[in-house]
Structures are given as C-alpha cells and as structure tokens.
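The values are calculated or read from the model by the stated rules, or taken from the named source; none is laboratory data. Not measured: the values here are computed from a predicted model. Note that we place each Cβ from the backbone using ideal geometry, even for glycine, and neighbour counts take in every protein chain shown. Just the protein is used for accessible areas: all its heavy atoms, side chains included, with ligands, DNA and RNA removed. Shrake-Rupley method; radii C 1.70, N 1.55, O 1.52, S 1.80 Å.
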Amino acid sequence: MKDTKWYISRAFKWLLLAQEKGGGGYSMGFSLKRGWRQPYPETTGYIIPTMIRLWERYGWREALNSALRAGNWLLEIQNEDGSYWEPEFRKPMIFDTGQIIFGLLSLYRATKKQEFLEAAIKAGNWIISAQNEDGTWTKFAFNTQPHTYYARVSWALLELWKETGINEYKQAAIRHLDWVISQQKKNGWFKNASFFNDGKPVLHTIVYVIRGLLESSIILDSKKYFESSKKAMIALLERLEKDNILYSYYDSSWQPISKEKCLPGIAQYSIVLFRFYEIEGKYKYLKWAMYLNTYLKRKMLNLPFKPLRGCLFGSSPPWGSYLPLMCPNWGVKFFIDTLLYEERYIEDFISQRFNEMSNKLPSDLDPHDFRLETIKSHVNIKGKRLLDAGCGSGRFTLYFKELGAEVHGIDISPKLISLAKQRVNDGTFTLGSVTAIPYPRNYFDVVISIEVLQHVPNIELALREFYRVLKPGGVLVIIDRNPISIMGALKPILERLNKWMYKKDDPFRERWYLSKTWREFLKRTGFNVEIIKSIQKTWYSFDRFYFIKASKPVIPDEEEKIHP
C-alpha cells in the first residue's frame with residue numbers, strides 16, 4: 001500500500017478533472033452509463049473547504065485556485081433570494097443551499113473577500129425564512145418531507161452565526177436540532193433520516209445526522225446534542241466491530257438490510273470516529289477509523305482511464321443500489337477529508353503500537369552490542385549534550401550516560417518513556433515526537449536515532465527537526481534497517497501474515513531505505529554526510545543495518561534562517 005499522501009494526490013487530481021468537466025462547479029461525478037454529470041452546486045459548496053485544507057496542508061496553489069474558481073461559480077448562480085437550485089429537480093433546495101454556506105464561509109475566512117460572506121448571509125436568510133415552526137423544513141426539502149439529516153444545515157447555520165453574530169441563525173439551528181433529537185429512538189436510531197419515507201436510510205445520510213449533531217454540539221457546547229450524536233455513533237461502531245465493515249442500509253434495529261457497502265458513508269463515518277477520538281481520546285475510535293481508511297484505499301480506482309483514476313464508486317460492488325456504476329464527487333471529498341485526519345493522527349496510532357509492544361521489546365542491552373560499539377568507534381559523546389531521539393525504554397540511553405554524555409530522551413510512547421525514566425536515573429525524558437522535538441534550536445551536540453526513522457511517516461520533517469535542535473557542527477547518528485538483507489526479503493511476507501509489528505490492514509508499514517535514498521534525504525535537509533555503511537552482528541545475521549554519521553554545517557546565522 002502506498003503513502004497516504006499518494007492517495008490524497010490522486011483523489012485531488014480527480015476533483016480537478018471533475019471541475020474542468022463541470023465548467024467551474026464540480027461535476028456531480030462520473031457514471032459508466034452517462035459519462036460526466038452536470039456541475040453540482042450542493043457538493044461544490046462543501047468540496048471548497050477540502051480544497052482550502054489541501055492548500056493549507058501542502059501549499060498546493062492549485063487547490064486554492066480550484067476553491068476560488070468554485071466559489072466564483074457559486075456567486076454567479078445564486079438566486080436573487082439567496083437560494084440555490086438543485087440541478088436535476090430544477091428548484092431551490094434547503095439542504096443544497098445549506099451545504100454551499102460551508103464553501104462560502106471557508107473562502108471568506110481564507111480571502112477576507114466580502115462578497116463570499118454576503119452570499120452566505122443571503123443563503124442563511126433564505127433558509128431561516130422557509131423554516132417551519134417546529135424547526136423542520138418541508139417546502140423546499142427533498143420529497144417535500146422533513147429530514148433529520150438536515151442537521152448538516154443546522155451546522156452550517158451555526159457556522160454562519162459564529163462568523164456574523166446574527167442570533168437568528170443560532171435560534172433556527174437549535175429549533176431544528178431539537179426536532180432532530182426528538183426523532184431518535186433509545187437505541188440511537190433516527191427516524192426520517194432517509195431521502196424517502198421508507199425507513200431505509202443509506203449510511204451516507206445516517207452519518208449526515210451524526211456529524212451534523214456532533215459539530216453543532218461542539219459549537220454550542222451542548223451535551224444533549226453530543227450525547228445524541230454519540231449514541232448513534234456507538235450503535236454503528238458496535239455493528240462495525242461485529243461485521244468488520246459497515247453496510248449501505250440498516251433497519252431501525254441496526255440490522256443490515258443488504259451486504260452492499262456505501263463508500264461515501266464509510267468515509268464519512270471514519271471522519272466521525274476521528275472527531276470523537278479528538279474529543280475523548282479513545283484509541284478504539286482511532287483504530288477503527290484507520291481500519292476503514294485502509295479499506296477505502298483499496299477501493300480507490302487507479303485505472304489508466306482518467307475518469308476512473310483517483311475516485312471511488314458510490315457502492316461496493318459498483319452496481320449496488322446506491323448510485324450504481326457512478327463515482328460521486330462527494331465520495332472523493334470525504335475520502336480526502338478522512339485521509340487528512342489519518343495524516344494528522346498516524347503518529348498516535350504508531351505510539352499505541354509501541355505501547356502494545358512495550359512488554360515484548362528486549363529489556364536489556366548487551367554492553368558489547370555491535371551498534372553501540374560502532375557508535376563508540378565513530379563518535380565521541382563524553383561531556384556532550386545528547387538527544388536519544390526515539391529512546392524507547394532507554395536501553396541505549398543508559399550506556400550513553402555511562403560514556404559521559406548528558407542524556408535527554410524523547411519517545412512517542414508513554415509506556416516506553418515511563419520505562420526509560422525507571423532505567424536511567426539522571427536522564428531527562430520527555431513524551432514527544434521526532435517530528436516536533438520539544439527543545440530549542442541549537443541545543444544538542446549529538447542526536448542519535450536508533451531504529452526510529454523506519455517508523456516515521458514524514459522522515460524529512462524529522463530530519464529537519466534534528467537539524468534544528470543540533471548546534472552548528474553537531475553530529476547526527478542514525479542506525480536503521482537495511483532492506484538488502486534476509487529480513488528485508490521476509491518482511492513483506494511477515495506483514496501479510498500479520499507476524500510483524502504492523503499488520504496487513506494497518507495504515508502504516510515500516511519503511512526501510514537504501515543508502516542512496518538516505519543520502520538524498522540528508523542532503524535535502526542540509527546535512528553533510530560523513531559515513532553511510534552497512535553493519536550487522538555476524539556475517540550470517542538475518543538483520544543488517546545502516547550506520548549513518550552526518551553533521552550540521554557551521555554556517556552564518558542568516559543562512560541558517562532558511563531551515564525551519
């Protein structure tokens with residue numbers, strides 16, 4: 001499986017193609033029966049925040065330009081009363097207009113251009129003018145019936161209230177949210193969550209309700225909306241734990257109606273799990289979100305035919321009843337969103353893996369360990385301030401201290417940091433990541449990283465952090481696995497058999513690099529490479545390692561400013 005960013009990039013390019021075909025708005029999607037569909041205002045609205053997140057995350061100017069093009073298109077097609085039309089039904093719709101508010105507000109926040117805020121206000125005014133006394137919408141609702149998945153409209157109104165301070169938006173949102181939770185059964189099920197009056201909501205709209213309530217509860221600091229959202233989230237999580245997947249349709253007892261899978265709904269639910277993980281910190285949520293993302297990565301199409309490269313079908317199998325043989329743009333949008341969450345929390349996942357492995361890792365180190373002997377023969381650490389970056393349980397740190405170094409250690413695993421503190425009395429140990437080292441610039445004489453970078457998703461970010469905390473002239477030592485070894489050949493097999501630290505369905509795998517790649521990494525991050533050589537315990541050992549010694553050049557202060 002490729003890096004998460006690769007999937008994000010492919011999906012992003014597909015959305016750019018969808019926008020090209022839509023003439024400014026994003027095409028509804030690509031159908032094997034009908035080809036590219038017409039531009040879709042509703043989802044164009046909520047794709048815009050995704051584009052802005054991509055611009056902020058990666059600096060992709062194309063993403064910002066795409067968001068601006070989509071926003072300008074939305075300004076052009078807005079009706080005088082502030083509403084937006086649903087293109088297939090040719091009439092203004094509450095839900096569609098609500099989703100467009102997300103995009104208009106995102107562009108206003110990114111650009112401060114008043115026209116986007118003004119359009120959002122016009123849209124919000126139209127929505128609240130059409131609301132029924134009980135908080136529902138029916139006149140401009142799909143199938144002219146109230147829907148609990150319009151909780152996403154309430155969320156949009158609350159975002160508008162946050163930006164403008166206009167209390168009418170808040171009150172309209174609360175009226176609707178109160179009606180939504182009145183439709184919830186004790187088991188977490190929501191009535192009126194379907195497009196139709198059939199009691200058969202698709203996962204896509206079920207999660208619309210859950211997310212709308214969740215995000216609204218955060219804005220309002222409302223326990224009742226949060227608990228309502230959580231009740232439904234937990235009901236689906238119990239199904240996921242039982243079935244190892246979520247299906248397209250459930251009945252009011254949360255029993256699956258078919259074995260089809262709604263891929264956009266799975267992506268949406270993964271986002272919900274990430275959001276609950278952010279709030280409650282329960283690893284179970286993170287684990288299942290990562291699991292679902294891995295499933296979705298396998299479903300992403302990567303065919304030579306551009307319309308089927310970087311997208312997902314609405315259903316699995318593709319001929320399923322939800323959007324048969326079609327790749328909808330919102331499925332790709334939610335796929336990108338959940339992968340961005342994965343990137344944000346992948347180190348938390350790795351940390352938990354190390355917590356789970358902490359009792360299985362070797363407890364003591366042979367004082368004549370070949371890696372330690374190699375370090376001693378090439379680096380003088382006596383009297384030096386040394387960072388053991390990814391110190392684990394402090395096995396190596398203890399010997400660095402005995403060799404006369406002032407030792408500091410960081411690790412992402414709380415359990416391993418606790419063990420390190422017990423092992424090394426006079427060391428300083430801190431919970432932290434090698435991609436965000438909690439020390440100031442030019443602080444260490446030596447940074448040593450042993451079998452750590454193979455576990456780091458963004459290795460260049462880690463190397464830049466090593467560069468930052470090293471003093472000019474300071475020494476970096478890296479010892480990492482060599483893929484040209486017996487173990488390197490066995491590793492992929494063991495991963496597939498779930499006999500490795502990371503399992504076959506995990507979102508991350510250890511990355512072992514060749515010496516040429518190491519040189520490229522170090523050169524790009526500013527280091528002078530002094531030694532790269534292969535080392536091993538015996539000539540017949542399964543494992544081989546690279547010993548790498550590099551140094552931070554002594555450069556004028558003004559040159560160093562270029563390094564983050």
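So for region 346-459, considering every pair of alpha-carbon atoms, how many percent are separated by more than 16 Å?
Numbers: 3684 of 6441 pairs.
Of the Cα pairs, 57 percent sit more than 16 Å apart.
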Handout entry: Inter-centroid distance (Cα atoms) of region 1-26 relative to region 279-339, Å
Key = 13
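Apply the a/c threshold of 1.5 to the C-alpha gyration tensor of region 120-160 and tell me whether it is rounded, prolate or oblate. Mind dumping the intermediate values first?
Working: a/c = 1.90, a/b = 1.44, b/c = 1.32.
Prolate is the answer for region 120-160, as a/c is 1.5 or above and a/b outweighs b/c.
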Handout entry: Where the chain is the region considered: accessible area per residue in Å², 1.4 Å probe
Key = 41
Exercise for the section: Enumerate lysine pairs in region 1-125 that are 8 or more residues apart or on different chains, then count those whose Cα atoms are under 20 Å apart. Expected result: 7
Completion exercise
From DSSP H assignment alone, runs of 4+ in the chain each adding -39500 (n - 2.57), the sum over residues rounded to the nearest 500 puts [θ] at 222 nm at -16500 deg cm²/dmol
Problem - Karplus 3J(HN,Hα) series, Hz, for region 56-70 with 6.51 cos²θ - 1.76 cosθ + 1.60 (x for Gly, Pro) - result: 5, 6, 10, x, 6, 4, 4, 5, 5, 4, 5, 4, 5, 4, 5
Completion exercise
Two pseudo-spin positions, 7 Å from Cα along C-beta at K223 and at S418, lie apart in nanometres by 3.0
Practice task
Run down the aspartates and glutamates and flag those whose C-alpha is under 16 Å from the C-alpha of K200, throwing out any fewer than 8 positions away in its chain.
Solution key: D251, E260
Exercise for the section: Determine ³J(HN,Hα), in whole Hz, for all residues of region 215-224 in sequence, where each value follows from phi through the Karplus function 6.51 cos²θ - 1.76 cosθ + 1.60 and θ = phi - 60°; x replaces Gly and Pro. Expected result: 5, 5, 5, 5, 5, 8, 6, 10, 5, 5
Exercise for the section: State, as an integer percentage, the relative contact order of region 451-561 based on alpha-carbon contacts under 8 Å between residues 6 or more apart. Expected result: 36
Exercise for the section: Out of all DSSP beta bridges with both ends in the chain, state the antiparallel percent to the nearest 5. Expected result: 60
Practice task
Lys and Arg at +1, Asp and Glu at -1: add these up for the other residues within a Cβ distance under 10 Å of A550 and post the number.
Solution key: +3
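Normalized C-alpha radius of gyration of the chain, against 2.2 N^0.38 Å? Before the final figure, lay out each step's value.
On the way: Rg = 26.7 Å, N = 564, 2.2 N^0.38 = 24.4 Å.
That works out to 1.09 for the chain.
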Completion exercise
Using alpha carbon centers only, region 93-122 is separated from region 493-556 by a whole-angstrom value of 47
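About the Cα centre, and with charges only on the beta carbon of Lys, Arg (+1) and Asp, Glu (-1), how big is the dipole of region 340-382? Nearest 20 debye, please. Could you put the intermediate results ahead of the total?
Working: 6 positive and 9 negative charges, 45 e Å.
That gives region 340-382 a dipole magnitude of about 220 debye.
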Fill in the blank from the handout: Excluding ligands, DNA and RNA, the carbon-plus-sulfur percentage of the accessible area of the chain with a 1.4 Å probe reads 50
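Determine the shape class of region 254-390: with a ≥ b ≥ c the square roots of the Cα gyration tensor eigenvalues, call it rounded for a/c under 1.5, and otherwise prolate if a/b is greater than b/c, oblate otherwise.
On the way: a/c = 3.22, a/b = 2.40, b/c = 1.34.
Here region 254-390 falls in the prolate category.
Highest mean first, how do 167-174, 201-208 rank when packing is the count of other Cβ atoms within 10 Å averaged over residues?
Values: 167-174: 19.1, 201-208: 26.1.
Result, highest mean first: 201-208, 167-174.
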Problem - Test item: Cα-centred dipole of the chain, Lys/Arg +1 and Asp/Glu -1 on Cβ, debye - result: 1360
Exercise for the section: State the number of lysine pairs found in region 424-534 whose Cα atoms come within less than 13 Å, restricting to pairs 8 or more positions apart or on distinct chains. Expected result: 4
